[in-house]
Amino acid sequence: MNVDSRVAILVDTNILVYFCDGRDLRKREHAVHVLREGQISGEMRLAHQSLSEFMHSVTRTRGDSGVPLMTRENATRQAEYFLREFPILYPDDQVFRTALLGMGAYKLSWFDAHLWAYAERYGIPEILSEDFQHGRMYGHVKMRNPFLELGLA
């Protein structure tokens, strides 16, 4: 896949989940804004991993209520929307090997290292996530927490 690294931004799973999560309305509104802006500009990219994590996160039971954020049917519709509206990056052996290096070099969890590896592999200079240290560079990739703008982090 050809990715224009001058404008591309990779989006972490938490942004996708907040897009659908009504428990924190300010984060939801901001996630909607961030994704819509990325859709309009054509900047946003999603990793295959993030879509898989999204499906797991929104359909698993939560706490004592035993109720997921979304039904499987609604989660499927939402995932189809993401597939339709954003370019999806798929893993290959280089992504996997880079993730292994990221775990060792940066002491990242497997999932964080794997997401970072997508950005390194495809030449994407920025990841939007609340799970990394804001402003930190990992290799050629800068981390940005979009919720800091609103004091929500």
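The values are calculated or read from the model by the stated rules, or taken from the named source; none is laboratory data. As the structure is a computational prediction, the values presented were derived from the model and not from experiment. For neighbour counting, all protein chains shown are included, and Cβ atoms are generated from backbone atoms with ideal geometry for every residue, glycine included.
Condition first: crowded, with 21+ Cβ neighbours inside 10 Å, in contact with a helix residue (DSSP H, G or I) (Cβ under 9 Å, 6 or more places away or on another chain), under 25 Å from His33 (Cα atoms) and not hydroxyl-bearing (Ser, Thr, Tyr). Now tell me which residues in region 93-149 satisfy that. If the condition is that a residue be crowded, with 21+ Cβ neighbours inside 10 Å, in contact with a helix residue (DSSP H, G or I) (Cβ under 9 Å, 6 or more places away or on another chain), under 25 Å from His33 (Cα atoms) and not hydroxyl-bearing (Ser, Thr, Tyr), then Asp112, Leu115, Trp116, Ile124, Ile127, Leu128, Phe132, Val141, Met143, Pro146, Phe147 are the ones that fit. There is at least one residue in region 62-81 that is surrounded by 12 or more Cβ atoms within 10 Å (Cβ to Cβ), more than 22 Å from Gly123 (Cβ to Cβ), within 14 Å of the chain's Cα centre (by Cα) and at pLDDT 95 or above. Tallying residues that are touching an Asp or Glu at 6+ places or on another chain (Cβ under 7 Å), β-branched (Val, Ile, Thr) and closer than 22 Å to Lys27 by Cβ within region 71-129 yields 1. The residues of region 127-153 that are under 17 Å from Val95 (Cβ atoms) and not hydroxyl-bearing (Ser, Thr, Tyr), listed by number, are Ile127, Gly139, His140, Val141. The set of residues from region 44-61 being out of contact with any Ser or Thr (no Cβ under 7 Å at 6 or more places or on another chain), modelled with pLDDT of 95 or more and not aliphatic (A, V, I, L, M) comprises Arg45, His48, Gln49, Ser52, His56, Thr59.
Checked against the criterion of being loosely packed, with under 13 Cβ neighbours inside 10 Å and basic (Lys, Arg), the candidates Arg36, Arg45, Arg26 yield just one match: Arg26.
Give the number of residues within region 89-103 that are over 16 Å from the mean Cα position of the chain (by Cα) and outside any helix (DSSP H, G or I).
From region 89-103, those over 16 Å from the mean Cα position of the chain (by Cα) are 92-94, 96-98, 100-103; that's our starting set.
So of that shortlist, the ones also outside any helix (DSSP H, G or I) come out as 92.
Matching residues across region 89-103 total 1.
Confirm whether Ala105 is of a type in the set (A, V, I, L, M, F, W, C) and farther than 17 Å from Phe19 by Cβ. In short, yes.
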